[in-house]
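Worksheet: the structure to be examined is printed underneath.
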Amino acid sequence: MDFQRLISLMASSSLFCLVLSLPNFAYGQYLTDRVPALFIFGDSVVDAGNNNELLTIIKANFPPYGRDFMNQRATGRFTNGQLVTDIIARRIGFPRYQAAYLSEEAEAENLLIGANFASAASGYYDATADLFLAIPLSKQLENYKEYQGKIVELIGAENASSLFSRGIHIVSTGSSDFLQNYYVNPVVNIPYRIDQFSNMLVQIYADFIEDLYGLGARRIGVTNLPPIGCLPAAMTLFGLGAGKDHECVEKLNRDAKLFNRKLNSTSELLKTRLPGLKLVLFDVYESLYTIIAGSSERGFSETRRGCCGTGLIETSVLCNDLSLGTCANATEYVFWDGFHPSEAANKFIVDDLISAAYSLVYN
């Protein structure tokens, strides 16, 4: 590569990072031309309200969830404000957030910027979702196929095909498979060692990516597992209890790292097998761990407890308007509840993932 080309690439990369870091993206129209839609699959970290429509107790459509969101409204998002995917959508320049596919908002022109198919308490393993009456990943894919049919009716097959191939598909799941299934379910953890269970999940992941590819997806971003041993509820349930000086549960983090290595190697194989596929792993593990380790430099005063209630275990129905001890200012907390990052942490996570997003959009 010649020197001028190197300088050009460095300049464009720096500009891209600067642009995406702006809270109100001035070049939104330019990026939405390149990324016309977002399609979101996964669990509670990215569920924008699909579980509101299900017969499940795993919901977040009541206060104090959403207290720092638009109009202080609880929408079913498992945090106090924006999800990572909301922040990405805003920085790209979309006029609105991608609607939860099961919601009343998911109709007509609103669908042209994509949709959110995620469901809290789901995982790669369909049985994980079944435990909580959530939407399994396989059903999320079926909903996406149904969505595609609606788009073809709206804009025609050729334009729809372009939307699917140029849009970014985000997959963020897996934590529930471990925390809400494997670690507490003898039906799974007795017959399967942790490496065997991880292998099974990674094979499901590979099949899911191939299915998305077969439906026309060419740009796919996948998050790896976060440091699950650092989640407040995980420290309470599987460690010695959460507290300011308490360390993360190292065994759980080792399991997450093992899974992430398998996810990475499988992703590299998929890229060689599927022509034209842009598949990028978003290293959420490193991002969240770095935020926790360097919390004071980023303005956080609490990393071991969630803002809601005691912060030790509360999530979903346990995090409610009557939860005693809920903090006044969630911007000082890395976690909103026992499992989910606060909006403030989500913003830092997006900032950390910009370079990976760059390669997904431009390379």
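Each value in this text was obtained by applying a stated rule to the coordinates, not by laboratory testing. Computed from a predicted model, the values in this text were never measured in an experiment. Glycine also receives a Cβ, built like all others from the backbone with ideal geometry; neighbour counts cover every protein chain displayed.
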Could you work out which residue, out of ALA206, ALA134, ALA37, moves most in a Gaussian network model of the chain, that is, has the largest mean-square fluctuation with Cα springs under 10 Å?
ALA206
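For CYS230, CYS327, which order do you get if you count the other beta carbons within 10 Å of each Cβ and list the fewest first? The partial results should precede the final answer.
Working: CYS230 27, CYS327 20.
In increasing order of surrounding Cβ atoms, one gets CYS327, CYS230.
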Per the helix-only model, the chain has a calculated mean residue ellipticity at 222 nm (DSSP H runs of ≥4, -39500 (n - 2.57) each, divided over all residues, rounded to the nearest 500) of -13500 deg cm²/dmol
At ARG254 and ARG73, where each label point lies 7 Å from the Cα along Cα→Cβ, what is the point-to-point distance in nanometres?
4.8
Once all Cα-Cα distances of the chain are split into 10 Å bins that start at 0, what whole-number percent is in each one?
5, 25, 36, 25, 8, 1, 0
Rank THR75, VAL46, GLY311 by how far each Cα sits towards the positive end of the charge dipole of the chain (+1 on Lys, Arg Cβ; -1 on Asp, Glu Cβ) and give me just the farthest.
VAL46
About the Cα centre, and with charges only on the beta carbon of Lys, Arg (+1) and Asp, Glu (-1), how big is the dipole of segment 33-362? Nearest 20 debye, please.
560
Which whole-number percent is the relative contact order of the chain (Cα, under 8 Å, 6+ apart)?
18
Pick from THR272, THR32, THR56: which is most flexible by mean-square fluctuation in a GNM of the chain where alpha carbon atoms under 10 Å apart are linked?
THR272
Obtain the nm distance between the two label points defined at VAL152 and ARG193 by a simple spin-label model: each point lies 7 Å from its Cα along the Cα-to-C-beta direction.
4.6
How large is the dipole of segment 250-363 about the Cα centre if only Lys and Arg carry +1 and Asp and Glu carry -1, each at its Cβ, rounded to the nearest 20 debye?
640
Taking +1 at the Cβ of each Lys and Arg and -1 at the Cβ of each Asp and Glu, which of TYR101, ASN253, THR236 sits farthest along the dipole of the chain towards its positive end, judged by Cα position relative to the Cα centre?
ASN253
The lysines whose Cα lies under 29 Å from the Cα of LYS145, excluding any fewer than 8 residues away in the same chain, are LYS59, LYS262, LYS271, LYS278
Sites ALA293 and THR272 - FRET efficiency at Förster radius 35 Å, r taken between beta-carbons, to 0.05
0.55
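To make sure I understand, if each residue's beta carbon is the centre and we count other beta carbons within 10 Å, what order do SER287, SER296, SER119, SER176 fall in, fewest to most? List each step's numbers first, then the result.
Values: SER287 24, SER296 9, SER119 35, SER176 28.
In order of increasing Cβ crowding within 10 Å: SER296, SER287, SER176, SER119.
With r defined as the distance between the Cβ atoms of LEU215 and ARG261 and R0 fixed at 22 Å, what FRET efficiency is calculated, to the nearest 0.05? If you can, show how the numbers build up before the last one.
Values: r = 28 Å, r/R0 = 1.27.
Result of the calculation: an efficiency of 0.20.
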